[in-house]
Structures are given as C-alpha cells and as structure tokens.
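The values are calculated or read from the model by the stated rules, or taken from the named source; none is laboratory data. Please read these numbers as outputs of a predicted model, since none were measured by experiment. All Cβ positions, even for glycine, are placed from backbone atoms using ideal geometry, and neighbour counts span all protein chains on display. Each accessible area value is taken on the protein alone, full model and side chains, heavy atoms only, with ligands, DNA and RNA left out. Shrake-Rupley method; radii C 1.70, N 1.55, O 1.52, S 1.80 Å.
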4 protein chains.
Amino acid sequence: MPRTNTDVAESLAAAGRRFYARGWVLGTSGNFSVVTHRDPLRLAITASSLDKGSLDTSHILDVDETCTVHGGTGNPSAETLLHFEIVRRRGAGAVLHTHSVWSTMLSDSHGLDGGLNIEGYEMLKGLDGVRTHAHREWVPIVPNDQDMTRLAGVVGTTLDAHPAGHAILLQRHGLYTWGASLADAVRHVEIFEFLFETIGRTAAYRSRGGHHGIAQDS
Amino acid sequence: MPRTNTDVAESLAAAGRRFYARGWVLGTSGNFSVVTHRDPLRLAITASSLDKGSLDTSHILDVDETCTVHGGTGNPSAETLLHFEIVRRRGAGAVLHTHSVWSTMLSDSHGLDGGLNIEGYEMLKGLDGVRTHAHREWVPIVPNDQDMTRLAGVVGTTLDAHPAGHAILLQRHGLYTWGASLADAVRHVEIFEFLFETIGRTAAYRSRGGHHGIAQDS
Amino acid sequence: MPRTNTDVAESLAAAGRRFYARGWVLGTSGNFSVVTHRDPLRLAITASSLDKGSLDTSHILDVDETCTVHGGTGNPSAETLLHFEIVRRRGAGAVLHTHSVWSTMLSDSHGLDGGLNIEGYEMLKGLDGVRTHAHREWVPIVPNDQDMTRLAGVVGTTLDAHPAGHAILLQRHGLYTWGASLADAVRHVEIFEFLFETIGRTAAYRSRGGHHGIAQDS
Amino acid sequence: MPRTNTDVAESLAAAGRRFYARGWVLGTSGNFSVVTHRDPLRLAITASSLDKGSLDTSHILDVDETCTVHGGTGNPSAETLLHFEIVRRRGAGAVLHTHSVWSTMLSDSHGLDGGLNIEGYEMLKGLDGVRTHAHREWVPIVPNDQDMTRLAGVVGTTLDAHPAGHAILLQRHGLYTWGASLADAVRHVEIFEFLFETIGRTAAYRSRGGHHGIAQDS
C-alpha cells in the first residue's frame, strides 16, 4: 500500500497510463483520486486539462474539501466535488472516472431507463462483496450537469438510494467507480468497462439474428 | 521447453502480459497453469485475485490435487479444480482460461444451443491434430456454477462426451483451452479468441444486408 | 512550448507515434504541421509517403507558402495547401490530419447531409472555447478532390461558413482539425475520433433494439 | 534498403511484430517473404508454425523454388508455393500474408461474389500506381484449398485475370498482398486491412438506419 505522496502520485499516473492505453481517457478526459488523509479529508487528485496518459507526479494535486490546492502543479477539475461526494458517502479510499466509448454510448442509450442492469456475468464477482455471478448490479445513470454543486448533490442522493451499488454513469459523460484502495478501484473500472462492451455487443448480436441465451434485463 | 520452476513461472507471467494486452484478462480475471509433475500431479498455477497482466514469479503457486499450496505467494483460485480436471481428462501439459468480451458474448448468445460450431476456417488448422480448414470444431458451452466441485464434474463429463474438442466455454464466464505445452495452449487461446470475434462479426454483417458466403452452422 | 526546430520535429514525430498506435494513420496516411513563423508564414510539416508512426526529425520539412522546401528530407504532401489554408483562415498554430476507420466511415455515411452534428457529449468540452456538453458542434463534410488548389478553396469557403467549428471531414478521406498549439490540436484529434466512434456505435445500438436516450440529430 | 541477409531477416521480424500488435497474425498465422535473388529465384521467408510476433532472425529461411531450405531454422510453410507464384506473376520483391478478423469475415461474406470491389477511398492512393481516390480496386476471393499446388495454380490464374490488382483474398483464410519492396508490401497490408474494416463497418451502419453516402458496390 503506497505510504508517501510520491508513491500515491506514481500509482495514479500508472493508472492513467493503463487507462489511456485502452482508449478510456482520450482528449484529457478522466480524473482519478486517492484519499491521503481522513480527518480532515484530503485527496491526491489529477490536475485538470491534462493528458491522463502522460501524467507525472507533479500533476497530482493535494486538495482539501474546499478544493484548495496544497501541493502539486495545476488546477483541480470541477469534478473534484464528485470525488469528495463519493468518498464521503461510500467511505471509499479511491475514486476513478473514465470516459470510454462504450460507457458513453450505453449511458446515452439507457438514459431514459435511469440506469442499466447487469447480471449473470462471472466478471461481477470481481466487485467488492460480490460472491456469485447471479448478482444483480444496478448502475444508475445520472443526467449530466455543468453545475457541479448540483450534480454532486444528485450523485450523493443516487448513491444513498443504491447503497449496494459499485458505480454510477453520468449521461454521455462516462463512468464513476471507487474502491477501498486504488487497486480495487482500478479493478472495478476494468470490470465495468468490460461489462459495458459485452452488453453493447450482446444486444446487437441478438437482434441481428444471433442465438438466444439467458434472459437479460439490459 | 522450460525446465525450472522459475522458467515456468516466467512463461506464465509472459502469457498473462500477452493476454492482458489484448484485453482478454481484465479485472483480475483469467487463470493459467502448467503441469510440473505427473505422478503425483502438481501444477504451477496463477494465484487468485491478481492482475494477470502484472504477474511476477512469486505469484505462481505450486499446488497439488488437494489444492494445497507448496510454494509461491497467494491463494489458488477455486477454478484450480477445473485445471486439474482438464489435465486429467486430456493429459494436457497446460491449461489456460481467458475472459474476453467476444467469448463471453458468444457463450451467452449460443447458450441454449449447448455449444458453438466452428468450421471452414483456415485458422482451425492451428489446433492440435487438425489438418484442414474443413474441420468441424464443436465448442461446448457449460452453464456457470459457483459450486466448483459440481462444475468440475460437469466439465469432466463434457470433455468425455467430446473427446476431439480443444476448448469449452463457461457461460458468461469465458474460454478454457489447453495444450501439450504452454506454447500450444497459448496458440489455442489466440485461435479461439480470433474465431469468436470473426463469428460474432460475420453473423452481424450478414443479417445487416451484407453478402452471402459459405453456409455456416453458427 | 517547443522553441527550436528539433523540438517541433520531435513533437510531430511523437504525435505520429501516438496516432499510429491507435490505428489512425495506417499505410502512410495522415499529415501534421506546426507553424514555425508567422510572417512570412512557415510550417514544419511531415514529409509525404512516410509511415507516420516511425518518423524521425529529418522527415519534418520546413516549407513556405509556395510549398518550397527549406529544410528536411523528402517531399511535402499535396495536402500542404490545406494546412496553409486552415492556418490562414483560423490563425491555427498546428494542423493535424488523421485517417481513421470511424471518421472515414461517418464521412461517407453522412456525406449527403453535408456534415455531421454532434451535441450533448461532455467530451465536447475539451474543444477550445466550449464550456458545456450542451454545445452543438457541426462538422462539415467536404467532397474529396485530387485538385488540391480547388479543394483548398472549398475548405477555405467551408471554414468561413462555419467560423465556430473545430474540424472538417473530407469524404472518405478523414479528419482535419487544428489548435492554437500542437497539444491543443492533438487533444482535438482525440476528442473527434472518440466522438465519431461513439456516434457510430450509438446509432447501431439504437436501431438494433437498444434503448432510447436523448434525441440525437446525427 | 536491406542489403544483407541479416537486414532482411530483421525487417521481416519487425513486420511480424507490427502486424502481431494489430492482431493480424494471431495463433502462428501469417507468413512473409522477401526476394533475395532473382535468377535463380530465392526467398527469405518466415518458418512455419511460429508466433509471427516473436520472430528472431534464425526463424527466417532461405529457400529456393523447390522449397529446399538453404539456411535458417525450421520448416517452410506449404504456402511458400503461393509466395513464389505471386513473385513470378507480379515481379514482386516481397509478399505478405496476414490473417485478420475483418479480412477473414469479408472473404467469407463476399465469397459468392468471387471478389470485393473497393472504390472512392483516398486510402487507395497508397497502392502502387494509384493516383486518385476514384480508383476501382477489385480484390478477387479465391476458395481455400489444402492442395497447395492446385491453390497456387488458381492464384496464378486469378492474378493473370486481374493484372492491375494489388491483393487477393483466400476465403476464410486471409489476405495476400505484395510490393516491389517490403516497405511497399507492408504499406499495402495496412491499406487493405484498413479498407476491409471500413467497408465492414460502413455496410453495417447503413443498414441499421445510418445515413446514405456515395453509392458503393461492395
């Protein structure tokens, strides 16, 4: 477990490289944070408007709940408020936001449903606390909003309404997920991005004359 | 051919990196084994809950048929039972489980058929014992199950029912294949993952108004 | 900001490697330029007929508005005229042309519409001057033409007709975008390539029985 | 231009790595050759049954027209006959066979047409001798055959029937293309693989309710 600020910063930069290689944080999108102190609450979070695949440790900011920067170079993203909201509501140790094609597409296509149901996949077992593929994971879809304070409020309310959930989708904006540690959160990102692509391709295959399988709510 | 435990461990870690780069073992999914001793039977197998793209040699466990760990750091996956089942039934030297989007999708869409037929592809010639593209490869699809002992039994029965087969699919869980050597098994993984993607895209192309080709049972 | 010709050349070569890795400049396609002097106008531009993923600094040409080469090895692409046209009309500091599958496909499918409308995506906020996902970005599609002088004229007229736009598509030929700096232009390429893929996949998902989301003009 | 056998072997291995990274030569598929001597005709060609992404120079064989091996480690592929056929008919300096998902899929879907027509794409200008996107490229599709002598005869007849063509597809087997040099042939592979993917995605987009563009024969 990383102990120093440099370790944390390097881990966040490494996560950025990993996600960038997958095409999940193109065009300076995405933001990643790790809790570095609980009381008072402090995050190490990626600076805004930077290519997340080429971060160096100076690009990781040390911020408090007022979004005041105490270290690092750059400005915090407005979405920092969402990171704090998730950390407080879920007691998370790390929060990750990726911005993939599949998550963006499904958040749009399922927007009117208010969410996306995923069940029956073995991959779900990689989510904290999930022990079986028969698990039913509801991923709420929250309408996007440029008023970040308002959006953070909606995200908070949504998290409270779905206390067992592991992620939320912002419509046409991407995935937010979290974990007790950065490694847990990275694993969650990979699991959800995998599931979004699988669901996207499965619905397409079926309606094009492919074969039938287990009934699927999505 | 790797002779020492370190060689075997490094080969397994290399296979993990290769598969991870393709997106076939995201979110700590997948597991890989090599037979290191026949009588008594011993496997070198990847530890559970680890990112398979970043394994180091300490993450490769030395286990016996009771799944007791004799070396390495970590816990063996429950799926270790499946590896032993396949090794015993097929006399395999290596067993690989990958967890790709296309294999997961097809295992779902063809689940009610109980399997997937693949024929006519030159790529099939890369499978052990196959000499012509006119080969007909049946890939059974086994329903997923969290009771690993029960699942191992079903896998064993399925393998006996299809003695010429080179792989099985676990529904919404991915591919299991094997080979006399790790290199053979890696080649088999690449062949099946290629064929799953080709089949998935072909059915889509045809039903969307694309042209007609050789009749295909899948 | 790169100050010397070598810095500029290395930055262009690095952009080439990045785009090549994505598959956006296969088969020696694509061309990239940076303004090195304003009056008289001079560009550092990639030489023609080279693999853009393997450029070295000698492959970056120093050209003036008559396309005379003052430094570097190789011949300038005929498309150099388009780069100058965009630089003059937009005051751009860098112009990038990528040639991806998705951009080529959408430029073809939307050709009769004369353009492609993109709105509602958070990713649009990465475009210079765009502050909200509610932004409506019109990407004109210009018919391809081997007469480069004529094509440059049409591109110029199109740019003037859409002064707020950030990109144009050449039909079955790919994307042209620009920025105040090379980093801005690279960010724009990634944003548009992401959006093209998302739009391509979304339309497909909807008409195959996927769910409904926000009304979309594309 | 490579002069020595080691240079040629390294260039072929590099081409293998490049194609493997794209997923175009999975599972030991694919084979690549360069003409090293004209009279008598001698090829440097990849040995059979090897992972084409991990070749070293010893895996490149020096063969004559009887397929006798004069240097290198391994056995020549039976497809060596196809390489010689293409070299003789076209005077090529290099022949490349890749085995991608998209080429395999289109060779299957268009099999009954006997070929695939590609026109209107700027990318076609990268093919030797092609000066305009208005070019019409016919890619014949030849039924696969395990009798390599017979297949070489059919390939030869097909090449003679389409003297302006730059490639052929073997049904459910992949792409064969060539060039005066290895660099030309590599460029041709990238161009055709790009075009196959674009055509595959375009037909899908149109029939799913996407917009209409230039009439396309494929």
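Below, the figures for the structure above:
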quantity	calculated
Euclidean distance between Cα centres, region D:15-88 to region A:1-74, Å	47
Simple label model, 7 Å out from Cα along Cβ direction - C:Ala78 to D:Ser58, nm	5.0
Alpha-carbon spread of chain D, three principal axes, descending order, Å	56, 34, 33
Solvent-accessible area of C:Ser48 with every protein chain in place, 1.4 Å probe, in Å² to the nearest 10	40
Accessible area of region A:51-177 divided out per residue, in Å², using a probe of 1.4 angstrom	33
Computed helical MRE - 222 nm, the protein assembly as shown, DSSP H runs ≥ 4 contributing -39500 (n - 2.57), nearest 500	-12000 deg cm²/dmol
Residue-by-residue Karplus 3J(HN,Hα) for region A:15-23, coefficients 6.51, -1.76, 1.60, Hz, glycine and proline x	4, x, 5, 4, 6, 5, 4, 7, x
Nearest-first distances (nm) between copies at C:Leu112, label 7 Å from Cα via Cβ	2.6, 2.6, 3.7
Dimensions in Å of region C:60-188 - Rg and Dmax from alpha carbons	14.8, 45
Pairs of Cα atoms farther than 14 Å apart, region D:95-162, %	68
Dipole magnitude of chain D about its Cα centre (Cβ charges: Lys, Arg +1; Asp, Glu -1), debye to nearest 20	440
For chain C, built as a Gaussian network whose Cα springs stay under 10 Å, the top-fluctuating residue of C:Phe32, C:Phe19, C:Phe194	C:Phe194
Size-normalised alpha-carbon gyration radius of region C:34-119, reference 2.2 N^0.38 Å	1.26
Chain-alone versus full-assembly comparison, region B:1-46, residues with accessible loss of at least 40 Å² (1.4 Å probe)	B:Arg18, B:Tyr20, B:Arg22, B:Leu26, B:Gly27
Contact surface A-B: accessible area buried, both sides summed, square angstrom, 1.4 angstrom probe	2800
Area of D:Cys67 that stays accessible when all protein chains are in place (1.4 Å probe, Å², to 10)	40
With every protein chain in place, the protein assembly as shown: carbon and sulfur % of accessible area (1.4 Å)	50
Net charge dipole size for the protein assembly as shown [Lys, Arg +1 and Asp, Glu -1 on Cβ; Debye, nearest 20]	440
Amide H within-cut-off set for D:Thr46, under 5 Å, with H built and near neighbours excluded	D:Phe32, D:Leu61
Pairwise Lys count, the protein assembly as shown - Cα closer than 22 Å, eight or more residues apart or different chains	4
Simple spin-label estimate for C:Asp128 and A:Ala134 in nanometres, 7 Å along Cα-Cβ	5.8
Contact order relative to length of chain A, as percent, for alpha carbon pairs under 8 angstrom and 6 or more apart	19
Karplus (6.51, -1.76, 1.60) ³J(HN,Hα), θ = phi - 60°, over region D:91-108, in Hz, Gly and Pro reported as x	x, 5, x, 7, 10, 10, 10, 10, 9, 8, 4, 5, 5, 5, 5, 5, 5, 7
Volume per residue of the C-alpha convex hull in the protein assembly as shown, rounded to whole Å³	160
Heavy-atom accessible area, 1.4 Å probe, ligands and nucleic acids excluded: residues of region C:127-156 down by at least 40 Å² from chain alone	C:His133, C:Asn144, C:Gln146
Largest to smallest accessible area among C:Arg187, B:Arg89 [probe 1.4 Å]	B:Arg89, C:Arg187
Region B:73-179 - charge dipole about Cα centre, Lys and Arg +1 at Cβ, Asp and Glu -1, debye rounded to 20	240
Rounded FRET efficiency, nearest 0.05, which uses the C-beta distance separating C:His162 from B:Arg22 and R0 of 60 Å	0.90
Copies compared at C:Asp7 - label distances in nm, ascending, label defined 7 Å from Cα in the Cβ direction	3.7, 3.7, 5.2
Among C:Phe192, C:His135, C:His97 the positive-end extreme of the charge dipole of chain C (Cβ point charges)	C:His135
In Hz, Karplus ³J(HN,Hα) per residue of region B:123-138 (6.51, -1.76, 1.60; θ = phi - 60°; x = Gly, Pro)	4, 5, 5, x, 7, 3, x, 9, 10, 9, 5, 6, 4, 10, 9, 9
